[in-house]
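Data first, discussion second: the structure below is written as structure tokens.
No value in this document is a laboratory result; all are computed from the given coordinates. Just so it is clear, the model here is predicted, and its values are computed rather than measured. So basically every Cβ, Gly included, is an ideal-geometry build from the backbone, and we count neighbours across all protein chains shown.
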Amino acid sequence: MLRYVTTNPGKVREAERYLPDGSVERLDFDYTEVQADELGPIAARGAREAYRHADAPVLVDDAGLFVEGLDGFPGPYSSYVEDTLGVERVHEIAADLDDRRAAFRCVLGYCDGEGFAASPDPVDRGDRDVAAAAGPDEGEDDGDGADGPETDPLPVKLFEGYVPGRIVAPRGDGGFGYDPIFEHDGETFAEMDTDRKNAVSHRGRALEKFAEWYADR
Ligand code: ITT
């Protein structure tokens, strides 16, 4: 059984469409989100931590909204910004911008404690860079006898997805998070049903890649 590790049930609703019935269940575990400019290092670290917690195959899902006119903000801080400013406020800030283009990105990180061919892997490299930049003290003792994440032996496979769009005034009552203010092809994600959103979304793209790889595994 695969554990989809998230505190957000909306993500699992979307993921279930890509995986055989009964093969996935949500694990409500709030893994540590390291500070990073990219989602990949966060997903890689999260997958290792979640695997150690669950002792079972895990998939973590780190996502964010990147607004062009704000140099990619809120990006990896999207969750914090949703909780503090709120989605409407993000729209109000974007409404003053000349450039309201935005993108959702999603990185899935899979770990089952066993070896497999490494990701083609700029992101995993980023993970090591982040760990190295943080210095030796940053690597917590994870009980594996290693010094920290830069020498962490647990392989993680990453799958990425991206969708372009733009920030608009809130419309629609489906989806979750920033969906009401994210328009793609004339519709906000909150105006789409789950299948339609999956067909174009960042998470759908990443899940498609994961499901294909996982089926062979
Ligand atoms: P977990 O970390 O526990 O999975 P989370 O909701 O905090 O739950 P993220 O850190 O990945 O997940 O999400 C960053 C933010 O982006 C958060 O506010 C989400 O609501 C939002 N978000 C993620 N995917 C989204 C999507 O498909 N549509 C709209 N908002 C999304």
Packing rank of 61-71, 107-117, where each peptide gets the mean count of other beta carbons within 10 Å, highest leading
61-71, 107-117
Between residue 215 and residue 195, how many nm apart are label points set 7 Å from Cα along the C-beta direction?
1.8
With +1 on the Cβ of every Lys and Arg and -1 on the Cβ of every Asp and Glu, the dipole magnitude of the range 49-101 about its Cα centre, in debye rounded to the nearest 20, is 100
In nanometres, the difference between 0.36 nm per residue of separation and the alpha-carbon distance of residue 1 and residue 83 is 26.4 nm
Chain lengthening between residue 52 and residue 171 when straightened (0.36 nm per residue, less Cα-Cα)
38.8 nm
Environment charge of residue 14, counting only residues whose C-beta is closer than 10 Å and scoring Lys/Arg +1, Asp/Glu -1:
+2
Pairwise label distance in nanometres, residue 162 with residue 8, each label 7 Å out on the Cα-Cβ vector
1.9
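Would you please give the FRET efficiency between residue 185 and residue 30, computed as 1/(1 + (r/R0)^6) with r the Cβ-Cβ distance and R0 = 22 Å, to the nearest 0.05?
Here the calculated transfer efficiency is 0.05.
I'd like to compare 200-209, 183-192: which one has the highest average count of other Cβ atoms within 10 Å, and what's the full order after that?
Going from most to least packed, we get 200-209, 183-192.
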Roughly speaking, what is the centre-to-centre gap between the range 169-217 and the range 8-39 when only Cα atoms are used, to the nearest Å?
14
